[in-house]
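Contents: one structure, followed by commentary.
The values are calculated or read from the model by the stated rules, or taken from the named source; none is laboratory data. Computed from a predicted model, the values in this text were never measured in an experiment. Virtual Cβ from ideal backbone geometry, glycine too; neighbours counted across all protein chains shown.
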Amino acid sequence: MKRIIIFAALMLAFTHLANAQSEIPAGYELVDSVIYRPAASVDSTLVGRNIFSIMPSAAKGDDTQVNVFQSQEILNSMDSHLTYNEKKTMTGYRIRIFFDNKQTARNESEATMARFLKTYHGIPAYRTYANPYFKVSVGDFRTKSEAMEFLEEIKHNFPGAFVTKETISYPVIDRQNSFVTDTIKVLRKTMVQ
């Protein structure tokens, strides 16, 4: 774990070079590199749910009964918190699997979205119209690396797909993976071919 953190820190130190191409020494180049960083450690089983409404109750037929005594202000505060956060968005990445403006684009975008949803369960799909284009984008990825990984998985079914930066719905944290991957620019010696 300590080696990964040190490696990630060194890689991040070189990323400032990505913004200033003139600072790259002769014989070196910037290349994409994958780093592993710890995933957020939040239990997502309760995301978007009101804890008070899911506690065991004899009235619901449960074997146990949990009684919580609280003021109405706490219940109201919990409800408003859940309502506010369900609309939360962030900048991330999606994969555009359809982008066209032909006369048949509306029907083709619907068919493309239906074909995607039938094949890839659990991955959200979004169909939008921005004059004059119909678009179908899929996924809510925090990092470009996650989007690129999924792009490789779907490329054979959607050969024209590409990664795009968009405002995404707040994705649920993956509790199964303790690390996430990300792509950074790293300085390395130019390889002679």
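Only one of the numbered conditions (1) modelled with pLDDT under 85; (2) part of a strand (DSSP E or B) is not met by V172, and that is (2). One residue stands out in the range 116-133 among those that are closer than 20 Å to E149 by Cα and in contact (Cβ under 8 Å) with a residue 12 or more places away in the chain: the one that is farthest from the chain's Cα centre (by Cα), namely T119. Can you tell which of F98, F158, F134 is assigned to a loop (DSSP other than H, G, I, E, B), crowded, with 19+ Cβ neighbours inside 10 Å and either among the charged types (D, E, K, R) or touching a Phe, Trp or Tyr at 6+ places or on another chain (Cβ under 9 Å) (or both)? Among F98, F158, F134, only F158 is assigned to a loop (DSSP other than H, G, I, E, B), crowded, with 19+ Cβ neighbours inside 10 Å and either among the charged types (D, E, K, R) or touching a Phe, Trp or Tyr at 6+ places or on another chain (Cβ under 9 Å) (or both). Scanning the range 42-63 for residues that are at pLDDT 65 or above and acidic (D, E) yields a count of 2.
Pairing each residue of the range 73-102 that is farther than 28 Å from E146 by Cα with any residue that is of a type in the set (F, W, Y) and part of a helix (DSSP H, G or I), provided the two are 6+ apart or on different chains, yields C-beta distances under 9 Å for I74/F52; L75/F52; M78/F52.
Checking the conditions here, which among R106, R127 is of a type in the set (D, E, K, R) and either modelled with pLDDT under 85 or part of a helix (DSSP H, G or I) (or both)?
On the way: R127 fails: either modelled with pLDDT under 85 or part of a helix (DSSP H, G or I) (or both).
The conditions single out R106.
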